[in-house]
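Below you'll find the structure, written out as structure tokens, and then a few comments.
The values are calculated or read from the model by the stated rules, or taken from the named source; none is laboratory data. Please read these numbers as outputs of a predicted model, since none were measured by experiment. Reconstructed Cβ throughout: ideal geometry from the backbone, glycine too, with neighbour counts over all protein chains shown. Side chains included, ligands, DNA and RNA excluded: accessible areas come from the protein's heavy atoms. Shrake-Rupley method; radii C 1.70, N 1.55, O 1.52, S 1.80 Å.
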Amino acid sequence: MSALIFSNRSGNKDVAGMIPFISVKTPSCLTLMDSFLEIEQMGIHSNYGPKNTLFEDRLQGLYFGGQGSCLTVCNATIGLMIAMKMAGRRRTCSVSQRYALMPAFTFAAAAHAAIWAGYTPLFCDIDPATWAACPVSERRMIEKYGDSIDLIVPYATFGNSIDLAHYAALHEETGAGIVVDAAASLGALDENGIGFGSGFAHPIVFSMHATKTFGIGEGGVIYSGNPDHIAVLRVMGNFGFGEPRTATIPGLNSKMTEFSAAIALACLTTMEDVATRRSALADCYFRTLPIDFEMQKPRGHRRSYQFMPVLLPEGCCRNAVREQLSSQGIGTGAYFSPHLMEQPYFSGLCEADDLTVTENVSRRVMSLPLWTDMTMEMVGTVCQALENVLVPASMSRVAA
Ligand SMILES: *Cc1c(COP(=O)(O)O)cnc(C)c1O
């Protein structure tokens, strides 16, 4: 399945006129050779080795303005698991269910991680403008479930920034732990123009999966403005070994290899260029798409674009639109459809607020191609193709 959707660069070049949904761009193996040889010669392959340390330090300095600490993890899902395990209040009282409040409009990883960490996911609705957790719905769930909400997991939807002060305040008010799923947000700048999350005193989890803006294959980073969090997570991620070979706290293995860290270090040198380029492509979409198109409301200085999400007009058949674009060589996605409460494993286990907005956005959302080596002309081609497909569709709606 992934081979069809995520065509690589050479695959893209080979098929003239094709615009894949995502085109993965990791640093060329040729530029990595020296660094890989260093690892081989040194013989250190894991356990927070020198490349991991260098990457964590550079990211903290370059992106998080020198505040707080970073920890590499083998992927963001495992990162979410350890951060969630740490963040709960671990209350000893008799409440049988410990809920993790999160939006239904997110990726399965967040709900899976919560279940592995011992919580029952509780889904709130999203805001119709930002597509992030709706504060009114969150409030409704807090009133209804009270103290049994032990964790709140906001999602920085599609690389956008979210209001972190709101979550710091919810933590103060309710005592619930906070873990931010910012899987796609590495490279995003907040309203002050610094890396999204800088200085925030709760764990924020970023992904470096190949399909994300800052893709290395598999990998992730947990950031916290509070270095004590990162120190605990570092121990949890190494089997909970607080003393040599001795588990003192819950643990698993979340470590990233030195080879992955070497790729991440190479990515870091182009991070600004990549984020800027993707922003320019997004601006081109904003200028070119028909003005009545509903888009996600941007927040912060710069978003990190994994792709370009748009809402199709009401009543429009997304599958038909996607098939027509596909027949013209244009790949698309539908993140996140189905939403979490539409997936049998979660709907059987989890609870949810009224999800009217989630259902509407999830039914209409379509993800358009946006990748680093894409050209402005390609954006124009996608927009024109979409308009051509939609005009007859809306006319048939009027006729019907
Ligand atoms: C990609 C993604 C994840 C999982 O990241 P991995 O590194 O692949 O484990 C989690 N949450 C969201 C919202 C994502 O988009």
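When you look at Gly118, is it small (Gly, Ala, Ser) and open to solvent by 40 Å² or more (accessible area, probe 1.4 Å), yes or no? Show your work before the answer.
On the way: small (Gly, Ala, Ser): yes; open to solvent by 40 Å² or more (accessible area, probe 1.4 Å): yes.
Against the criterion (small (Gly, Ala, Ser) and open to solvent by 40 Å² or more (accessible area, probe 1.4 Å)), Gly118 qualifies.
Could you please find all residues in the stretch 206-249 being surrounded by fewer than 17 Cβ atoms within 10 Å (Cβ to Cβ) and either touching a helix residue (DSSP H, G or I) at 6+ places or on another chain (Cβ under 9 Å) or assigned to a strand (DSSP E or B) (or both)?
Gly217, Phe241, Gly242, Glu243, Thr246, Ala247, Thr248, Ile249
Going through the stretch 94-107 one residue at a time, which ones are open to solvent by 20 Å² or more (accessible area, probe 1.4 Å) and within 14 Å of the ligand (Cβ to nearest atom)?
The one that is open to solvent by 20 Å² or more (accessible area, probe 1.4 Å) and within 14 Å of the ligand (Cβ to nearest atom): Phe107.
Among the residues of the stretch 182-211, how many are within 14 Å of the ligand (Cβ to nearest atom), within 17 Å of Gly61 (Cβ to Cβ) and polar (S, T, N, Q)?
0
What is the one condition in (1) surrounded by fewer than 18 Cβ atoms within 10 Å (Cβ to Cβ); (2) touching a residue at least 40 places away in the same chain (Cβ under 8 Å); (3) within 16 Å of the ligand (Cβ to nearest atom) that Arg140 does not satisfy?
(3)
Residue by residue through the stretch 293-347, note down the ones that are within 16 Å of the ligand (Cβ to nearest atom) and of a type in the set (Gly, Ala, Ser).
Scanning the stretch 293-347 gives Ser304, Gly333, Ala334, Ser337.
Identify, from the list Ile82, Ile162, the residue that is β-branched (Val, Ile, Thr), open to solvent by 10 Å² or more (accessible area, probe 1.4 Å), touching a residue at least 24 places away in the same chain (Cβ under 8 Å) and within 16 Å of the ligand (Cβ to nearest atom).
Ile162
Do we find a residue being more than 23 Å from the chain's Cα centre (by Cα), at pLDDT 95 or above and either surrounded by 14 or more Cβ atoms within 10 Å (Cβ to Cβ) or more than 16 Å from the ligand (Cβ to nearest atom) (or both) anywhere in the stretch 5-15? Lay out the reasoning, then the answer.
The initial filter retains those residues of the stretch 5-15 that are more than 23 Å from the chain's Cα centre (by Cα), namely 10-15.
From what is left, the residues that are at pLDDT 95 or above are none.
Looking for residues that are more than 23 Å from the chain's Cα centre (by Cα), at pLDDT 95 or above and either surrounded by 14 or more Cβ atoms within 10 Å (Cβ to Cβ) or more than 16 Å from the ligand (Cβ to nearest atom) (or both), one finds none in the stretch 5-15, hence no.
Give just the number: which of (1) open to solvent by less than 20 Å² (accessible area, probe 1.4 Å); (2) touching an Asp or Glu at 6+ places or on another chain (Cβ under 8 Å); (3) over 19 Å from Thr269 (Cα atoms); (4) not β-branched (Val, Ile, Thr) does His45 not satisfy?
Going through (1) open to solvent by less than 20 Å² (accessible area, probe 1.4 Å); (2) touching an Asp or Glu at 6+ places or on another chain (Cβ under 8 Å); (3) over 19 Å from Thr269 (Cα atoms); (4) not β-branched (Val, Ile, Thr) one by one, His45 breaks only (1).
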